[in-house]
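Asks: Take a look at the following structure, please.
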Amino acid sequence: MNKKPTVYCCKNHSEIGSVTAALIADAIKKNPNLVLGLPTGQTPVPVYQELCKMYKAGELDCSGVTTFNLDEYFHRGKGDPDSYYTFMHEQLFDHVPFKASYFPDSSGELATEIDKNCKQYDALIESVGGIDLQILGIGSNGHIGFNEPSSTWSEGTAFVKLTPQTVSDNAKKFYNGNELLVPKTAISMGTNQIMRAKSIILIASGEDKAKAISDTIDGIVTPRVPASKLQNHDDVTFIIDEDAAKFLD
Ligand code: GLP
């Protein structure tokens, strides 16, 4: 049976950072070998800043923690300034040592090769016992990872095409509005796979996320709003600010 999710309503984006980082630090204290799933985007930036601060202050030890990122732009990766690999290293991994940090393999040309890389990522996650704690952001259209609104639920890691809405959102946030510069395809963990994480924390900040948040928490469960599937998970916490909470019942 599903429990009602816990919803923390924070004053602002920066408080989302401190509340979420405190929960992550607590989970690591309880399980020093935690398997942690991580998102990119602007929303987690204060979370990563807070984790860096805790580490510098000697309050956090991630040396036993293994991380898996949710997604990576297709044909980007190590050495590419636009990759999520680079983003995560700049924000967190260059400052806090982890046991190991993995990203979906976004290389490959043939469909069979891409599929093989995706299956290897899934197998790697399984081989360490699955994800204990998954942190998620959310797209303004309700996507999680890069699982866009669709007529079916996605299963494991796979090649995905971004919707015009996501391309436009990412252009505004990271490319001065220039959609030509935004990657249009990616490799993402699937929604059903994300659901297998033992605990999930979803973070959201700002008015542009308010509709997606109310559809996710109060709406019907539908692959048209990928995050709505979280209603079927037993251990989900939403950490959102007042602007993102404004349409909640
Ligand atoms: C991208 C990522 C998602 C992230 C979303 C929201 O699409 N693939 O994992 O949740 O952006 O990003 P932001 O936090 O910048 O709003």
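Asks: Here is a list: VAL19, VAL35. Which entry is of a type in the set (A, V, I, L, M), over 30 Å from ASP243 (Cβ atoms) and within 17 Å of the chain's Cα centre (by Cα)? Outline the logic, then answer.
Replies: Details: VAL19 fails: over 30 Å from ASP243 (Cβ atoms).
Within the list VAL19, VAL35, the selection yields VAL35.
Asks: List pairs: first in region 47-75 and over 15 Å from VAL19 (Cβ atoms) and among the small types (Gly, Ala, Ser), second more than 14 Å from the ligand (Cβ to nearest atom) and not in a strand (DSSP E or B), Cβ under 7 Å, 6+ apart or cross-chain?
Replies: Taking only residues 6 or more apart or on different chains, the pairs are SER63/PRO97; SER63/LYS99; GLY64/PRO32; GLY64/ASN33; GLY64/LYS99.
Asks: Can you tell me which of (1) under 15 Å from the mean Cα position of the chain (by Cα); (2) over 28 Å from ALA22 (Cβ atoms) is the one ILE138 doesn't meet?
Replies: Condition not satisfied by ILE138: (2).
Asks: Only helices (runs of 4 or more DSSP H) wholly contained in region 10-97 count here; list those with 3 or more residues that are open to solvent by 10 Å² or more (accessible area, probe 1.4 Å) and closer than 18 Å to LEU202 by Cβ. Even if it seems obvious, please write down each step before you answer.
Replies: Details: elements: 13-30, 45-56, 84-88.
So the answer is 13-30, 45-56.
Asks: Residue check, THR185 against (1) under 17 Å from GLU72 (Cα atoms); (2) away from the ligand (no atom under 13 Å from the Cβ); (3) hydroxyl-bearing (Ser, Thr, Tyr), all met but one. Which one?
Replies: Result: THR185 passes all but (2).
The values are calculated or read from the model by the stated rules, or taken from the named source; none is laboratory data. For clarity, every value in this text was computed on a predicted model and none was experimentally measured. Note that each Cβ is placed from the backbone with ideal geometry, even for glycine, and that neighbours are counted across all protein chains shown. Protein only, heavy atoms only, side chains kept; ligands, DNA and RNA dropped before computing areas. Shrake-Rupley method; radii C 1.70, N 1.55, O 1.52, S 1.80 Å.
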